Amino acid sequence: MTPAYDAIVIGGGHNGLTAAAYLGKAGLRTLVLEAAEGFGGAAVTREFAPGVRVSAVAHLLHGLHPRIVADLQLERHGLTYAARGIATAALLPGAQRLDIGGDAASTRASLNQFSARDADAYPKVMARLIRQASALGVMLARTPPRPDLAANDWQGKIGLGLLALHMRRLGRKDMLELTRILAMNSADLANDYFESDALKGLLAFESVFGLFLGPRSPSTVYNLLYRLAGFSRHGLGSLHLPAGGMGSVTAALAAACRAFKVKLRSNASVARILMVGDCARGVILENGEEIGASIVLSSADPAHSLLTLVGPEHLDTNFAQRMRHLRMNGCSAKIHLALDGLPESWRSGPARMIVAPSSDYVERAYDDAKYGRVSAAPALEIVIPTLHDDSLAPAGSHVVSIMAQFSPYKLRGTSPDQARQQILDRTLAVLAAHAPDLPKRIRATEVLTPHDLESQFRLTGGQWHHGEITLDQVFLLRPAGGYQQYRSPVPGLWFCGAGAHPGGHVTGLPGANAAREALRHRTDWSRP
Amino acid sequence: MTHLQHMQPFLRKTPFHDRLAALCHANDWIRWMGFMAPNRFDSVQLEYFAIRNGATLFDISPLIKYRIQGREAARFVDHLVTRDVTKVKPMQVFYTAWCDDDGRMVEEGTLFRLAENDFILNAALHQYAWLKETAYGFDVAIDEVTDDFCGLALQGPMSRHVLQALGVQGIEALPHFGLLETAVDGRWMRIDRAGYTGDLGYEVWVNPQDALWLWDTLLRVGEPYKIAPMGSAALNIARIEAGFILVDVDYLAANYAVRPTQRESPYECGIGWTVNLKKDAYFVGKRALRREKEQGLSRHVLIGLEIEGRKPAAGSFIYAQQRGKKEIGLTTSAIWSPTLKKNIAYARVPSAYAKPGTQMWIEIWYPKEMKIERSMVRCWATNRMFYDPPRKKS
């Protein structure tokens with residue numbers, strides 16, 4: 001019996017939609033199943049107060065791969081930006097500010113207030129880090145090779161060759177420096193390069209973003225490089241605000257899917273993957289409906305895909321153990337504020353502000369989280385999309401979208417409800433120090449703790465990346481050694497979500513890479 | 001005195017120990033999973049011939065036993081082992097392998113199915129961690145019950161008569177790999193018809209407090225049947241004749257292998273017949289074993305060898321030709337078979353050499369008058385089950 005579909009994609013987030021669009025483009029009869037009412041996953045715009053909308057989880061775009069934008073003609077399908085190249089301001093005690101990322105001269109001038117040496121070093125350091133990130137970045141849109149060189153086909157060998165070539169092209173100094181810093185902690189990196197607390201704090205924050213680690217934890221430099229790759233030619237090059245919020249990215253992907261005749265079904269929650277013999281041959285929905293397909297691509301996290309949707313009875317012992325032990329600690333809360341007008345000091349922008357005045361500040365925020373507490377003084381990324389996009393709120397009103405770190409998933413002696421109140425109170429207290437007129441302007445708030453992200457967006461553990469971006473969980477080891485080429489151990493089931501290489505952020509790359517691998521192996525889809 | 005703790009005696013004694021020690025005239029003991037176990041009581045030859053001609057008692061209490069119970073016990077065991085558990089009825093024993101992710105043997109052993117969802121797994125090595133890991137997601141309870149009961153292997157052509165003399169009801173009807181529970185003199189007893197000798201034989205399990213009673217009673221009622229205690233040296237001869245493999249001798253348990261390549265699959269160990277790729281349930285290692293089977297990835301197979309001469313040939317290299325330069329295989333277990341009057345061994349050879357009758361050459365080094373001598377003699381592939389008397393199953 002021929003199944004109704006060639007491919008079913010579980011999950012209609014950015015990666016699921018990207019995978020589906022590529023499969024549809026290749027002529028496969030493809031169905032996307034999304035549990036929620038609408039598509040978009042963690043890249044959605046939704047209303048949180050009457051007439052006020054916000055990017056619910058991810059709120060800035062930097063890593064969307066240019067090749068995906070071109071291949072799927074996302075701009076023709078409605079992707080536009082309200083602003084490109086958003087600058088960043090670090091908010092510091094005593095109403096001081098460090099402005100980064102505008103033009104070079106103003107960045108230099110701003111840095112000069114704190115350290116002439118840092119003002120000198122900053123552009124060189126960042127250029128070098130981005131060069132290094134870009135060299136590693138050649139693997140982002142490629143399938144990770146097998147560790148045994150001989151076991152790779154020609155494409156795998158080309159990938160390894162390219163990586164080697166780009167490492168060489170970094171030059172001896174940069175390559176050596178890259179090997180030195182790759183597994184290092186970012187606090188030490190900041191000490192190596194800079195002297196002002198303001199700049200070190202900013203670097204510390206950027207490198208623990210989305211990680212359940214402090215700046216003194218190993219592997220945080222890797223996370224920084226992974227993010228910076230998006231600031232090279234492997235991403236958009238800078239921080240962008242999509243017009244209409246992040247939902248417009250996934251709306252464009254969904255439009256691309258429809259153009260390629262991909263069938264999209266929302267309100268269709270997958271309960272199980274349909275196993276025929278020992279192969280995945282479709283899905284069973286919560287309502288009991290069975291849908292057959294030649295292959296299933298899951299953009300849910302690997303642990304959920306395998307342990308819940310497939311079930312441990314179809315898995316090998318050590319592999320199931322690996323899936324259970326994937327580190328997926330949610331650590332960030334999302335806070336949304338609807339304001340009747342912006343505080344005075346924020347009106348001139350920029351649209352992105354960071355509160356992380358020193359490495360120690362971020363480390364102490366993590367110390368609390370490490371022991372199961374909400375940070376007493378959280379580090380914050382504050383984005384004001386309405387500075388550039390008036391479609392999100394009525395005229396005169398503004399939206400503030402805040403990523404607050406740390407609000408741990410694993411709480412000790414605190415209930416998730418208490419944690420939700422604590423992270424809001426403590427975030428507002430931090431903000432009030434910088435913008436005293438903020439509290440009286442707040443008309444509505446929304447807080448999404450890792451528990452809320454899990455229940456509302458199906459992010460296991462409230463972890464956006466479907467597995468933390470640390471050296472032991474990336475590249476050859478994502479989601480597990482031996483399964484880095486998007487093929488799961490269950491024949492017919494493929495990984496196409498952020499839990500697969502290269503990982504999280506709105507890049508579309510796991511989806512695109514998975515689709516390419518699945519298409520490349522059409523003749524042996526069900527090989528174990 | 002912490003530095004001297006390792007000098008404290010720590011080997012455990014089985015509930016039969018007092019009787020074993022009294023009869024262990026050779027005072028020849030081995031260490032078996034933390035227990036003292038007799039290697040021989042007096043004469044290995046006499047103990048061996050008692051297996052083949054009379055009846056023997058062998059203390060199997062040190063076997064590690066796990067009770068697997070719960071709503072999904074049958075599903076779990078079917079996921080754990082390579083054989084199809086749905087085909088095993090309650091009160092049956094079955095022999096099976098269980099494998100790791102790569103289809104390499106974690107161990108092999110017997111399982112008792114006491115009821116639909118009630119099993120006892122007999123293992124030579126500790127398996128609790130592996131069982132618990134594998135049980136993730138299954139509604140089962142796994143407990144080690146090694147000390148809950150103790151047992152004697154009663155093996156030999158006269159063993160059924162001994163149990164009849166003991167007064168076990170229905171022992172005549174107990175089939176090979178059958179299991180029964182009964183009471184004698186008001187004492188609980190579980191008897192399975194299996195063993196490690198390849199002969200007619202049983203294993204008798206009782207509560208620990210009944211151990212000495214069981215020993216004394218069996219020796220008393222078995223006296224007319226030439227019952228004798230037996231140590232592991234004699235058992236080793238019998239098990240090699242019977243074709244049974246032994247962990248750490250004929251293969252390395254997967255979780256104990258230092259190098260991954262040292263792990264062996266059931267196909268390579270010559271017990272591929274325990275692997276049921278067609279069973280409905282997925283079992284640990286099934287995908288890897290299917291790949292091995294379909295793509296012919298087995299590196300070798302454990303076969304029986306009949307060897308010219310009488311020199312014991314454990315750990316000997318095997319060559320295709322007499323002047324062979326490159327060894328094709330290696331023997332593991334090897335003995336002179338007293339019953340068959342043959343020099344026999346198990347050997348790992350490529351499957352091309354596994355066909356019974358295939359002639360190969362074996363290089364045997366042996367001590368002779370304070371010198372080490374070498375002989376290169378012929379050997380032939382054969383069925384590993386060298387000795388298989390009809391009474392085993394009748």
Just need log10 I(q)/I(0) for region B:300-384 at q = 0.19 Å⁻¹, Debye formula, equal scatterers on the alpha-carbon atoms, no solvent, rounded to two decimals. -0.74
dims of chain A, Cα set, principal axes, largest to smallest, nearest Å -> 71, 57, 49
Counting only other residues whose beta carbon sits under 14 Å from that of A:Y371, what net charge do I get with K and R as +1, D and E as -1? +2
At a Förster radius of 30 Å, what calculated FRET efficiency corresponds to the Cβ-Cβ distance of A:R324 and B:A314, to the nearest 0.05? 0.10
Hey, what did chain A get for relative contact order, percent, Cα under 8 Å, at least 6 apart? 24 percent
Give the relative contact order (percent, whole number) for region A:190-340; include only Cα pairs under 8 Å separated by 6+ residues. 15 percent
Using θ = phi - 60° and the Karplus relation 6.51 cos²θ - 1.76 cosθ + 1.60, list the HN-Hα couplings for region A:172-178 in order, rounded to whole Hz, with x at every Gly or Pro. 4, 5, 5, 5, 4, 4, 5
Student exercise, the protein assembly as shown dipole from Lys, Arg, Asp, Glu Cβ charges, in Debye to nearest 20: 2560 debye
Set A:K263/A:K334; A:K124/A:K370; B:K87/B:K278; B:K65/B:K132, cut-off 24 Å on Cα-Cα distance; pairs above it are A:K263/A:K334; A:K124/A:K370
I'd like the mean, over residues of A:319-327, of how many other protein chain beta carbons sit within 10 Å of each residue's own Cβ. 2
Alpha carbon centroid spacing (whole Å) that separates region B:41-72 from region B:295-345: 27 Å
To the nearest 0.05, the calculated FRET efficiency linking A:K261 and A:I284 through their beta-carbon distance, R0 being 25 Å, is 0.55
Taking every other residue with Cβ under 12 Å from the Cβ of A:C257 and scoring Lys and Arg +1, Asp and Glu -1, one gets +4
Straight-line reach from B:K342: which lysines fall under 22 Å, measuring Cα to Cα and dropping same-chain residues less than 8 apart? B:K311, B:K355, B:K368, B:K392
Please work out how much length the chain gains when fully extended from B:V145 to B:Q164, using 0.36 nm per residue of separation minus the C-alpha to C-alpha distance, in nm with one decimal. 4.0 nm
Taking the highest mean first, how do the peptides B:361-374, A:400-413, A:489-502, A:277-290 order by number of other beta carbon atoms within 10 angstrom per residue? A:489-502, A:400-413, A:277-290, B:361-374
With -39,500 (n - 2.57) per DSSP H segment of 4 or more residues and division by the full residue count of chain B, the 222 nm estimate, nearest 500 deg cm²/dmol, is -5000 deg cm²/dmol
How big is the charge dipole of chain B about its Cα centre, in debye rounded to the nearest 20, if each Lys and Arg gets +1 on its Cβ and each Asp and Glu gets -1 on its Cβ? 1420 debye
Would you mind giving the mean number of other chain beta-carbons within 10 Å of the Cβ of each residue in B:129-141, as a whole number? 3
Just to confirm my numbers, what's the Cα centroid distance between region B:192-268 and region B:357-394 in Å? 22 Å
Inter-label distance for B:A115 and B:M7, nm, one decimal - labels placed 7 Å from Cα along Cα-to-Cβ: 5.2 nm
Take the alpha-carbon centre of region B:136-159, take the same for region A:472-488, and report the distance between them in whole Å. 40 Å
Okay, which of region B:90-111 sit inside 15 Å, backbone N to the point 7 Å along the Cα-Cβ direction of B:R290? B:102-103
Spacing of the two label points (7 Å from each Cα toward its C-beta) at A:S106 and B:R323, in nm: 8.9 nm
Taking the Cα centre of region A:216-340 as origin and charging only Cβ (+1 Lys, Arg; -1 Asp, Glu), how large is the dipole, in debye to the nearest 20? 480 debye
Give me a single rounded figure for A:309-316: the average over its residues of other chain Cβ atoms within 10 Å of their Cβ. 6
Two pseudo-spin positions, 7 Å from Cα along C-beta at A:R412 and at A:I158, lie apart in nanometres by 5.1 nm
Quick check on region A:242-341: take the gyration tensor over C-alpha atoms, sort the square-rooted eigenvalues as a ≥ b ≥ c, and tell me if it's rounded (a/c under 1.5), prolate or oblate. oblate
Before rounding to the nearest 500, sum -39500 (n - 2.57) across all DSSP H runs of length at least 4 in chain A and divide by the residue total; then give [θ] at 222 nm in deg cm²/dmol. -10500 deg cm²/dmol
Gain in span if fully extended, A:A151 to A:D120, counting 0.36 nm per residue against the direct Cα distance: 6.5 nm
Note, A:G235: beta-carbon cut-off 13 Å, +1 each Lys/Arg, -1 each Asp/Glu, net +4
Specify which residue in the list B:P390, B:I120, B:V168 is farthest towards the positive end of the charge dipole of chain B, using unit charges on the beta carbon of Lys, Arg (+1) and Asp, Glu (-1), about the Cα centre. B:P390
Taking +1 at the Cβ of each Lys and Arg and -1 at the Cβ of each Asp and Glu, which of B:Q92, B:A238, B:M360 sits farthest along the dipole of chain B towards its positive end, judged by Cα position relative to the Cα centre? B:M360
Please tell me the relative contact order of region A:107-234 in percent, rounded to the nearest whole number, where contacts are Cα pairs under 8 Å and at least six residues apart. 32 percent
Among the listed pairs B:K89/B:K293; B:K226/B:K393; A:K157/B:K326, which are separated by more than 24 Å between their Cα atoms? B:K89/B:K293; A:K157/B:K326
Set Lys and Arg Cβ to +1 and Asp and Glu Cβ to -1, take the dipole of the protein assembly as shown about its Cα centre, and tell me which of B:L154, B:P15, A:H501 lies farthest positive. A:H501
Run through region A:1-68 and list the GluC sites (Glu not before Pro) located in a DSSP loop whose Cβ has at most 11 other Cβ atoms within 10 Å. A:E37
Please identify which residues in region B:320-340 have an amide N closer than 14 Å to a label point set 7 Å out from the Cα of B:S375, following the Cα→Cβ vector. B:335-337
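None of the figures in this text is laboratory data; all of them are computed from the coordinates on show. A quick note: this is a predicted structure, and the numbers were derived from the prediction, not measured. FYI the Cβ positions are ideal-geometry reconstructions off the backbone, even for glycines, and counts take in every protein chain you see.
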